[in-house]
Amino acid sequence: MKTLGDGMVCQFREPDAAFHAACGMQEVTVRVGAAGKQGLKIKVGYTYGPVVIKDRDVFGDTVNVCARLVSLANPTQVLTTRQTVGALSPELQQRCRELYTTKVRGRVGEVMVCEVLWRADPDTTRVVDLDQATSPKAAWTYVLKLTHAGETVTLDQAGVARIGRDASNEVVVATENASRLHARVFSRDGHFLIADQSTNGTFIMVDGTASEVRLRRSEAVLGERGWIGVGKSAASHGDHVLRYRLERSS
């Protein structure tokens with residue numbers, strides 16, 4: 001439909017066609033990356049639903065959801081929604097797994113984000129749908145440690161840590177860009193998440209990556225370790241930045 005800087009917006013008539021296109025793009029970039037000196041990595045987000053077409057452009061809620069998915073995706077990752085997975089053919093549904101929920105601006109309720117397992121190599125993990133009665137219990141449990149200004153707060157699976165300028169928060173970040181209650185960190189389905197509730201946003205940078213994700217009234221899963229920027233970029237280290245890391249507790 002159109003290009004946006006180093007990105008593009010594409011429209012497909014059928015959900016399966018978008019699935020194959022997304023996977024095909026990632027497969028090609030792997031080959032390009034192997035041949036090039038610096039490599040090439042892309043992130044893809046796609047969703048299924050009605051759009052408004054005007055002047056060779058597309059608008060509407062479906063486009064907004066798609067843009068949100070792209071902002072959440074990591075390089076080499078393909079993200080979609082539970083609604084889109086349900087519209088795929090049965091064999092393609094087996095190549096998707098649910099990750100977490102997120103909010104989209106202007107949309108009531110949350111959207112379940114799903115990952116497309118596009119790699120065809122034997123190392124790809126098969127997603128098995130197990131109910132709680134038959135699911136194996138994890139051999140280890142983990143805690144999340146948040147460190148700021150030399151002090152560390154430890155969060156277990158049942159805990160909640162509030163971050164912000166107000167002195168009542170578990171982690172107090174007394175900077176001018178921080179909101180009184182800026183963000184919350186909590187656990188859901190075995191993962192630690194951070195939910196932004198601020199004016200200026202929360203910035204997440206995972207160790208080993210050069211890019212960061214900006215949350216605006218939305219949430220994201222925290223990785224093994226990284227940095228949290230309160231109201232400003234986490235890349236510019238200062239008294240607004242927290243360090244987080246997962247540690248095994250048992």
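The values are calculated or read from the model by the stated rules, or taken from the named source; none is laboratory data. Note that the structure is predicted; figures quoted are calculated from it, not measured. Counting neighbours? That spans all protein chains shown, and the Cβs are built from the backbone with ideal geometry, glycine included. Calculation scope for accessible area: heavy atoms of the full protein, side chains included, ligands and nucleic acids excluded. Shrake-Rupley method; radii C 1.70, N 1.55, O 1.52, S 1.80 Å.
Is it fair to say Gly223 is under 22 Å from Asn74 (Cα atoms), open to solvent by less than 70 Å² (accessible area, probe 1.4 Å), part of a loop (DSSP other than H, G, I, E, B) and among the small types (Gly, Ala, Ser)? Yes, satisfied.
For region 226-246, the count of residues that are open to solvent by 70 Å² or more (accessible area, probe 1.4 Å) and of a type in the set (D, E, K, R) is at least one. Residues in region 193-210 that are open to solvent by 70 Å² or more (accessible area, probe 1.4 Å) and of a type in the set (Ser, Thr, Tyr): 1 in all.
For every residue, the table says whether it meets (1) loosely packed, with under 15 Cβ neighbours inside 10 Å; (2) under 28 Å from Ala195 (Cβ atoms); (3) out of contact with any helix residue (DSSP H, G or I) (no Cβ under 7 Å at 6 or more places or on another chain).
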position	(1), (2), (3)
Thr3	yes, no, yes
Asp6	yes, no, yes
Val58	no, no, yes
Val63	no, yes, yes
Leu72	no, yes, yes
Gly86	yes, yes, yes
Thr102	no, yes, no
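Restricting to region 13-37, and then to whatever is at pLDDT 90 or above and open to solvent by 70 Å² or more (accessible area, probe 1.4 Å), can you tell me which residue is nearest to the chain's Cα centre (by Cα)? So, considering only residues that are at pLDDT 90 or above and open to solvent by 70 Å² or more (accessible area, probe 1.4 Å), the one nearest to the chain's Cα centre (by Cα) is Met25.
Evaluation of Ala149 against the conditions (1) open to solvent by 60 Å² or more (accessible area, probe 1.4 Å); (2) at pLDDT 95 or above shows that the sole unmet condition is (2). Quick one: how many residues across region 95-146 are modelled with pLDDT of 70 or more and either more than 23 Å from the chain's Cα centre (by Cα) or in a strand (DSSP E or B) (or both)? Final tally of qualifying residues: 20.
Select, from Leu79, Leu40, the only residue that is surrounded by 20 or more Cβ atoms within 10 Å (Cβ to Cβ) and within 19 Å of Met8 (Cα to Cα). Leu79 is the lone residue from the list that is surrounded by 20 or more Cβ atoms within 10 Å (Cβ to Cβ) and within 19 Å of Met8 (Cα to Cα).
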